[in-house]
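What follows is calculated from the coordinates using simple rules that are stated; it is not laboratory data. A quick note: this is a predicted structure, and the numbers were derived from the prediction, not measured. Neighbour counts run over all protein chains shown; Cβ positions are idealised from the backbone, glycine included.
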Amino acid sequence: MIEFRNVSKSFDKKIVLNDISFKINKNEIVSILGTSGAGKSTLINCINGLVAPDEGDVIVDGLSVSNKNEINEIRKKCSTVFQSFNLYPHLSILQNITLAPMKVLKYKKDKAEKEALALLEKVDLQSHANAFPASLSGGEKQRAGICRALAMSPDYLLLDEITSSLDPELTAEIMRVLNALADEGITMILVTHEIGLAKKISSRIVFLESGRILADKPKDVFFSDAFGEENARIKDFLARSEGL
Amino acid sequence: MYGENTFTHYDVLLWLVGLKATLSMFFLSSILGCLLGTVFGLIRYYRVAVLAPIVFSLGEVLKNSPVIVQLFLIYFGVPMYFDVILTPFEAAAIVLSANTTAFIAVICVASLESVDKGQVATARSFAMKETDILVHVLFPQALVVAAPLVVGILVNQIQVTSLISIIGVIDLTQVGHILNQRTFEPFIVWPVIGVTYFVLSGTISYMGTRVEKKFRIPE
């Protein structure tokens, strides 16, 4: 379980997260929705320890992100896929995927490569194993990024706006991959502005605005007409997002 | 009379002595300078407490003062105050190594900082240790940026070594002085010395370009 306990974070006196408290259970797929600057990416980066909360704590399976001795154990449990791919440009796709398993999980090269190739096959990238990131399209890079995250056999998959840099066709590619992952029962926390993606694969929606949680509901409730009627702000956000 | 003391075949041996001194000084100061400069650069990049400001200040002094002044200070000053005897070669090696260290440290910091911060964040998010991040993520990418700059430093270094003649090292430039004073043929002596430096610099530049290509990120 991932638990946010009264987490607050500011950057240069601007409050980005304001007293956030909520939990994410295993096997849930939680989409974090919200306007730009709502604090979505900061929230996800508080889980993997890339951002340290100013107040409060994030507990992942009993481990605290505030404890320097536990942060790497948390990072082994949580793999992140980034909006801007962040593939290592000097390494082949196969090397990108096997680097962390070999260095962190101490896999032998053979085992790491075997598992990496299996992951690449799942996302239809096996022919690009020895290619370098510069020669791949955006969709291919993001699929490689997903494989790199999955290679660590994480308990939680953190996905930070992974379709933002992609055109609709490539976005559809990624959505197919995420659908497949959802069917496998992987716990995912997905920061996205793709309402369609959130509707399709999430079990729960958390809506952030100005650093606060405005709504935290099961998907069916969140997208129901009745809920929209009671929450003008969310209704307005959904209407604008779906109108794009 | 001019031209009475003509060149002999022993002058070729003298030229080789000078060449040996120049190349020895170049390799010694370059290798030491690159190694120490990298260490200093890492200290500054990781903002190691206490050491980082010291290394920065030292680097600024070394970069912003003339090499010739540093040579005089070390060669004449150190024996006076510290009861240590330094040969001209040793004094020159200390100064040129320290000078190279200062410039390599700056290149090291700049090239490490040029690597996209997202790369480091990604590696950290996968629980990679800082040493693994440095070796497998940062250095390979930083080398692409640093390589041409380091080659430039090395090309310049072979020419900077000519200053060591001022404290009596028998390098190529000192050989030029000796031959010129004996033969009074400056338009033969100095072009030969100049061409020697040109060939050395050109060789370093050519080899450096080939090494740079190896570090390039594949597309």
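The table below lists the values:
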{"item": "Segment B:Val39-B:His9, length gained on full extension (0.36 nm per residue, minus Cα span)", "result": "6.2 nm"}
{"item": "Global geometry of the range A:1-89, whether rounded, prolate or oblate, following the gyration tensor of its Cα atoms and the 1.5 cut on a/c", "result": "rounded"}
{"item": "When each of A:Lys26/A:Lys217; A:Lys9/A:Lys199; A:Lys26/B:Lys129 is checked by Cα-Cα distance, pairs over 18 Å", "result": "A:Lys9/A:Lys199; A:Lys26/B:Lys129"}
{"item": "Peptides B:145-158, B:49-62, A:27-40, B:73-86 ordered by average Cβ neighbours within 10 Å, highest first", "result": "A:27-40, B:145-158, B:49-62, B:73-86"}
{"item": "Computed log₁₀ I(q)/I(0) - Debye formula, equal Cα scatterers, no solvent, the protein assembly as shown, q 0.06, 0.07, 0.08, 0.12 Å⁻¹", "result": "-0.42, -0.53, -0.64, -1.02"}
{"item": "Rounded tilt (10° steps) of A:138-150 against the dominant C-alpha axis of chain A", "result": "90"}
{"item": "Shielding of B:114-125 by partner chains, average beta-carbon count, 10 Å", "result": "6"}
{"item": "Separation of alpha-carbon centers, the range A:1-33 and the range B:95-145, rounded to whole Å", "result": "33"}
{"item": "Under 19 Å from the A:Lys13 label point (7 Å along Cα→beta-carbon), backbone N, the range A:31-64", "result": "A:54-55"}
{"item": "In degrees, nearest ten, helix B:88-114 long axis to first principal axis of chain B (Cα)", "result": "30"}
{"item": "Distance between the range A:184-244 and the range B:178-218 - C-alpha centres, whole angstrom", "result": "68"}
{"item": "Neighbouring partner chain Cβ atoms per residue of A:147-153, average, 10 Å criterion", "result": "1"}
{"item": "Convex hull volume per residue for the range B:97-217, taking Cα atoms only, in Å³", "result": "104"}
{"item": "Neighbourhood charge, 14 Å Cβ-Cβ cut-off, centred on A:Lys109 and excluding it, Lys, Arg +1 and Asp, Glu -1", "result": "+2"}
{"item": "Chain B: radius of gyration and largest Cα-Cα distance (Dmax), Å", "result": "21.1, 79"}
{"item": "Stretch gain in nm, segment B:Lys63-B:Phe82, where the contour uses 0.36 nm per residue and the Cα spacing is subtracted", "result": "4.4 nm"}
{"item": "Averaged over A:71-80, number of beta-carbon atoms from partner chains that fall within 10 Å", "result": "3"}
{"item": "0 to 90° range, to nearest 10: angle between helix A:168-183 axis and chain A longest Cα axis", "result": "90"}
{"item": "Environment charge at B:Pro191 (Cβ cut-off 15 Å; Lys +1, Arg +1, Asp -1, Glu -1)", "result": "-2"}
{"item": "For chain A, built as a Gaussian network whose Cα springs stay under 10 Å, the top-fluctuating residue of A:Ser137, A:Ser92, A:Ser202", "result": "A:Ser137"}
